[in-house]
Every structure is written in C-alpha cells, then in structure tokens.
Amino acid sequence: MLLIAVAVIGAAAALYWVEHKHGSDAAVHRTAKQPAPDFTLPQLDGQDLRLSSFRGKVVLLDFWASWCEPCRVETPHLIELQEKYGDRGLQIIGVSMDDSPDPARAFVQQFHMNYPVVMGNAKTGELYGGVLGLPIAFLIDRDGRIYSKHIGATEPEVFEKDIASLLPKP
Amino acid sequence: MKMKTAGRYVDLIVLFATITGLTIAQALAQATAIPTSDLINPEDLIKLLQTSGKEKPLMIQVGSHVLFSQAHIPGSEYIGPASSESGLQQLRQRVESLPRKTFIVLYCGCCPWGHCPNVKPADDALKAMGFTNVKVLYIPENFGTNWVDKGYPVAKGD
C-alpha cells in the first residue's frame with residue numbers, strides 16, 4: 001500500500017515538474033535594437049497608457065493571457081522583479097491578449113500584480129511582429145529600443161541578467 | 001501524543017492525495033494526453049489542403065480571438081477557447097447538425113503543446129458527440145513558430 005502511494009506521488013511529482021519546469025519552452029533573441037513601436041492602450045481601470053511615456057526607464061513588455069498556463073508560472077517572477085528593480089528604473093507592463101477584460105482583471109487580482117496591465121489586441125500584436133503564442137516578452141532599453149525578445153516562459157534569472165545590464169549601476 | 005502524530009500523517013496523506021489528484025487531472029486535460037494517432041502535422045495538413053480531389057476538413061480554431069485575428073489558417077473558423085464552457089458550447093452548436101463522419105481538424109497554437117488548454121477539451125467534446133474523423137493539428141511551440149514562420153498560408157481578420 002505504501003509502495004503504491006509512493007509510486008503515485010512520485011508520478012505526480014514528475015508530472016508536476018514536467019508541467020511547471022521553467023524556461024524549457026523559452027527562446028531568447030537579441031534584436032537589432034529597433035525602436036519599440038509605440039502604442040496607447042486602455043488599462044484595466046480604463047485609463048490610457050502610452051508606452052513612450054516610460055522613456056528613460058527599462059521596460060519589460062510582457063504579452064500574456066489569463067488562460068495561458070506558462071504565463072501563470074511566469075507572473076509571480078515578474079512581480080518579484082518589479083518589486084526588486086522598480087526603484088532602480090524597471091517598469092514592467094503587462095499586455096493582456098485576453099478577448100475581454102474580465103478574465104484579465106480576475107487574473108490581476110488573483111496574482112496581486114504590482115505593474116500596469118493594458119488590454120492588447122490584434123493590432124498591438126502585429127506592431128510587434130505578430131504575437132502568435134504566449135507568453136512573449138520584449139525588453140526595451142532606456143532609449144526605447146528593443147534589446148531582446150523572449151518567446152515562451154522565461155527563467156527569472158535570464159530576465160534579471162538582461163534587466164541588470166540595462167539599468168544604471170547602483 | 002500518538003494520536004496527534006497519527007493525525008499529522010493523515011493530514012499529510014490527504015495533502016499528497018489532493019496534489020496528486022489535481023496534478024493528474026491537469027495532465028489529463030492537456031494536449032499531451034491526445035493519442036498520437038489523432039494528430040496531424042502542419043506539413044501533412046498543407047499537403048492535404050493542396051492536393052486536389054482529397055476531402056477537405058472543416059478546420060476550427062479553438063483558441064483566442066486576438067490570436068485568430070492576427071493569423072489563422074485560410075478557410076478555418078473561429079469558435080472560441082475550448083477551455084471555457086462557453087467555447088465548448090459554441091463548438092457543440094457549430095457541429096451539432098453535421099454528419100458524424102465529417103472530417104474535422106481542430107487547432108489552437110496559443111502555447112507550447114504541453115500547455116495548450118484548448119485542444120484536448122475540444123477533441124473530447126467532439127468525440128463525446130460521436131465524431132469519428134477528428135484530427136488535432138500538432139503545434140509544438142505556437143502558431144507563429146510552427147505555421148506562420150514556416151511560410152504556410154495565413155489569413156488575417158475575422
């Protein structure tokens with residue numbers, strides 16, 4: 001009986017690891033530092049957010065959706081990064097690709113997200129070369145140029161290394 | 001004292017059982033649980049679509065509308081995310097009147113295959129309705145990487 005229980009728990013642990021391991025699907029692309037396409041989009045509270053108003057900060061633009069399982073894994077790490085580097089000039093901006101704001105709003109509340117979230121759309125996706133899979137994140141330097149593109153759930157250490165290299169030294 | 005220790009063991013067993021149950025249930029609801037024989041590769045679907053005289057499938061996208069608007073397989077229909085009850089309902093309504101032998105291809109491509117929450121529930125729903133000729137498009141990474149970037153035909157808009 002005990003052996004069966006151990007075997008089942010072991011199988012569950014293996015499944016959990018397979019489902020939640022970080023970075024397995026992620027790919028990082030260094031970009032040619034093209035200017036990040038500007039946009040103005042409504043936040044979940046209805047106020048407009050303009051990307052270019054964050055010039056001078058390092059911006060992590062994260063495309064996500066409430067139904068995206070890897071986004072659920074990644075979001076707590078992004079919250080930690082915002083907490084850790086916000087004072088030094090990091091601004092994470094979430095772009096929800098949900099079809100309607102309600103599930104995005106519920107997600108924001110569930111995770112206690114500490115950075116602004118706007119509602120994206122197909123046009124926003126096309127501006128960034130097509131957001132045809134989630135999550136996808138773009139790291140934008142203080143001059144508003146795209147430094148790197150991260151496809152898939154990205155390990156927090158990878159983000160952190162890039163962010164630290166773009167922020168002014170403490 | 002012994003009672004207290006036994007109680008803790010019971011708590012632990014219940015906790016492990018819950019985690020096990022939830023994890024297995026989650027795994028079963030994901031695309032990796034679809035039998036390989038029920039999958040079709042993008043290359044094979046393209047060949048099929050481009051070969052005259054072959055039966056063309058009804059292609060249904062069961063993911064996000066925002067992604068569909070950016071790019072989808074020409075001729076395919078948007079139904080809605082099958083991970084939600086409303087999406088499943090729309091799927092059932094769309095195919096309800098069709099002969100159960102209708103060739104149907106389901107696809108999503110929102111996330112890496114092992115994380116897609118939509119294709120498995122959609123596949124299950126059609127099978128439960130008695131459809132016998134359903135294939136699920138195998139998209140390992142996402143629709144952008146495994147379809148658009150390969151240069152396969154794409155349509156935009158609704």
key: Enumeration of residues in segment B:53-75 that are of a type outside the set (A, V, I, L, M, F, W, C), more than 16 Å from residue B:41 (Cα to Cα) and under 17 Å from the mean Cα position of the chain (by Cα)   = B:63, B:64, B:65
message = Test of understanding: among B:73, B:79, which residue is surrounded by 23 or more Cβ atoms within 10 Å (Cβ to Cβ) and touching a residue at least 60 places away in the same chain (Cβ under 8 Å)?
response = B:73
task = Report, ordered by the first and then the second residue, all pairs with beta carbons closer than 9 Å, sequence separation of six or more or different chains, a first member in segment A:42-56 that is touching a residue at least 12 places away in the same chain (Cβ under 8 Å), and a second member that is among the acidic types (Asp, Glu).
result = A:42/A:48; A:50/A:38; A:51/A:38; A:52/A:38; A:55/A:143; A:56/A:143
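Suppose we filter segment A:111-138 for residues that are more than 26 Å from residue B:139 (Cβ to Cβ) and touching a strand residue (DSSP E or B) at 6+ places or on another chain (Cβ under 6 Å); how many remain?
Taking segment A:111-138 as the starting set, the residues that turn out to be more than 26 Å from residue B:139 (Cβ to Cβ) are A:111-118.
Then keep just the ones that are touching a strand residue (DSSP E or B) at 6+ places or on another chain (Cβ under 6 Å); that gives A:115-118.
So the answer is 4.
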task = Output the residues belonging to segment A:101-152 that are small (Gly, Ala, Ser), under 19 Å from residue A:69 (Cα atoms) and in contact with a Gly (Cβ under 8 Å, 6 or more places away or on another chain).
result = A:133, A:152
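Looking at this structure, is residue A:111 closer than 18 Å to residue A:45 by Cα, over 12 Å from the mean Cα position of the chain (by Cα) and surrounded by 23 or more Cβ atoms within 10 Å (Cβ to Cβ)? Show your work before the answer.
Working: closer than 18 Å to residue A:45 by Cα: yes; over 12 Å from the mean Cα position of the chain (by Cα): yes; surrounded by 23 or more Cβ atoms within 10 Å (Cβ to Cβ): no.
Criteria not met by residue A:111.
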task = Given the conditions (1) touching a Pro at 6+ places or on another chain (Cβ under 9 Å); (2) surrounded by fewer than 19 Cβ atoms within 10 Å (Cβ to Cβ); (3) assigned to a loop (DSSP other than H, G, I, E, B); (4) not aliphatic (A, V, I, L, M), report the number of the one that residue A:46 does not fulfil.
result = (1)
request  = Identify all residues within segment A:113-145 that are away from chain B (no Cβ under 14 Å) and either free of Cβ contacts under 8 Å to residues at least 60 places away in the same chain or farther than 30 Å from residue A:169 by Cβ (or both); write none if there are none.
outcome  = A:113, A:114, A:115
Top-ranked residue of segment A:79-95 - restricted to ones that are in contact (Cβ under 8 Å) with a residue 40 or more places away in the chain and under 11 Å from the mean Cα position of the chain (by Cα), ranked as surrounded by the most Cβ atoms within 10 Å (Cβ to Cβ) = A:95
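Within segment A:146-164, is even one residue closer than 21 Å to residue A:42 by Cβ and either within 14 Å of another protein chain (Cβ to nearest Cβ) or aliphatic (A, V, I, L, M) (or both)? Please lay out each step first, then the result.
Of all residues in segment A:146-164, those closer than 21 Å to residue A:42 by Cβ come to none.
Looking through segment A:146-164, none of the residues is closer than 21 Å to residue A:42 by Cβ and either within 14 Å of another protein chain (Cβ to nearest Cβ) or aliphatic (A, V, I, L, M) (or both).
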key: segment B:130-157 - residue that is out of contact with any Leu (no Cβ under 9 Å at 6 or more places or on another chain) and among the hydrophobic types (A, V, I, L, M, F, W, C) and, of those, surrounded by the most Cβ atoms within 10 Å (Cβ to Cβ)   = B:139
inquiry  = Looking only at residues that are of a type outside the set (Val, Ile, Thr) and part of a strand (DSSP E or B) in segment A:75-112, which one is farthest from the other protein chains (Cβ to nearest Cβ)?
reply    = A:90
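Taking segment A:114-140 as the search range and keeping residues that are of a type in the set (Gly, Ala, Ser) and part of a loop (DSSP other than H, G, I, E, B), which one is surrounded by the most Cβ atoms within 10 Å (Cβ to Cβ)?
We begin by selecting, within segment A:114-140, every residue of a type in the set (Gly, Ala, Ser); these are A:120, A:122, A:125, A:129-130, A:133, A:137.
Remaining after also requiring part of a loop (DSSP other than H, G, I, E, B): A:120, A:129-130, A:133.
Values: A:120: 24, A:129: 16, A:130: 19, A:133: 28.
Filtering segment A:114-140 for residues that are of a type in the set (Gly, Ala, Ser) and part of a loop (DSSP other than H, G, I, E, B), the one surrounded by the most Cβ atoms within 10 Å (Cβ to Cβ) comes out as A:133.
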key: Subset of segment A:148-170 that is over 12 Å from residue A:77 (Cβ atoms) and aliphatic (A, V, I, L, M) - its residue that is nearest to the chain's Cα centre (by Cα)   = A:151
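FYI, it's all coordinate maths here, none of it is from the lab. As the structure is a computational prediction, the values presented were derived from the model and not from experiment. Because the Cβ atoms are built from the backbone with ideal geometry, glycine has one as well, and the counts that use them run over all protein chains shown.
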